[in-house]
Amino acid sequence: MTETAVEGVRCVLLHREVAHGVELLSVRGPVDDNDAGALARTIHAAIELGPRGVILDLSDAGELSAAALAVIRDARLRAPGWPRPALLVCCSSQEVAAGLASWLPVHADVADGLAHVDDRSPAPRHRIDLDSSPHSPAKARAAMADVVSALHLEPLGDDLALIVSELVTNAVRYADPPVALEIEAGEKTVTVAVGDGSPGRPSPRPADPDAEGGRGLPLIDLLATETGVRPSPPGKTVWAALPRP
């Protein structure tokens, strides 16, 4: 663990990377308005690493100012949870937790936070386990067609089919099994996520114009409003989100 004292502020931020792709930030001492900027920079830097989650441990923190609470609220919006990073707060003090609990779940300790880092929203979700074979992209497109029909997502059907095909093709060709497709239909977005057993982040490759897939990540970037890679030890999850019409 690397301990870093933030110059010019009273709080001490302890930063360390925890196993399985989760970042832990511990705060000691009170956090007043002058400390809020340092707290924001530290949390946002951890989120930008693209982890599964960021745990903010306030077990040894003192009073949190209004500006500090606003920083945590803003960070939660940046890291709302799967497939994006999840910001979780741990605090054993009822007084400190009281300022957070109305809009953010507060966990009793780090162990409880780690147990919930992969929690999902209540949005409708479908999961399809796939073989690591050349036939999997076609199976994935068929599964997506069923979901499109069931959830009345026909205006997105072509784009979703193409994204599914590309993500599954990449997972089968360039990653290790197991391969799984997940489709989440939230109120505002539809998210397509493909998990595989390789931790390495995908990189664009030249596409074969005669291939069934392989048109690549740049095409997904054009179709989707947001894309990302989430660590899913021992592998990863590559995802793309489209706005619901």
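Filter the stretch 47-60 down to residues that are of a type outside the set (Asp, Glu), outside any strand (DSSP E or B) and more than 9 Å from residue 87 (Cβ to Cβ), then give me how many there are.
Result for the stretch 47-60: 4.
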Taking the conditions exactly as written (of a type in the set (Phe, Trp, Tyr), more than 20 Å from residue 241 (Cβ to Cβ) and outside any helix (DSSP H, G or I)), does residue 103 satisfy them or not? yes
Output yes when any residue across the stretch 107-122 is buried (at least 16 other Cβ atoms within 10 Å of the Cβ) and small (Gly, Ala, Ser), and no when none is. yes
Could you say whether any residue in the stretch 77-90 is modelled with pLDDT under 90 and either surrounded by 12 or more Cβ atoms within 10 Å (Cβ to Cβ) or in the same structural domain as residue 228 (by TED's automatic domain parsing) (or both)? no
How about the stretch 169-192: which of its residues are in contact with a Lys or Arg (Cβ under 8 Å, 6 or more places away or on another chain), within 21 Å of residue 154 (Cβ to Cβ) and aliphatic (A, V, I, L, M)? 181, 183, 185, 190
Could you check the stretch 109-213 for strands (runs of 3 or more DSSP E) lying wholly inside it with 1 or more residues that are modelled with pLDDT of 95 or more and in contact with a Phe, Trp or Tyr (Cβ under 7 Å, 6 or more places away or on another chain)? 189-196
When the residues of the stretch 1-41 are narrowed to those that are within 16 Å of residue 89 (Cβ to Cβ) and at pLDDT below 80, which ends up surrounded by the fewest Cβ atoms within 10 Å (Cβ to Cβ)? 15
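The values are calculated or read from the model by the stated rules, or taken from the named source; none is laboratory data. Bear in mind that the values here come from a model prediction, so they are computed numbers and not experimental data. Positions of Cβ are backbone-derived with ideal geometry, glycine not excepted, and every protein chain shown enters the neighbour counts.
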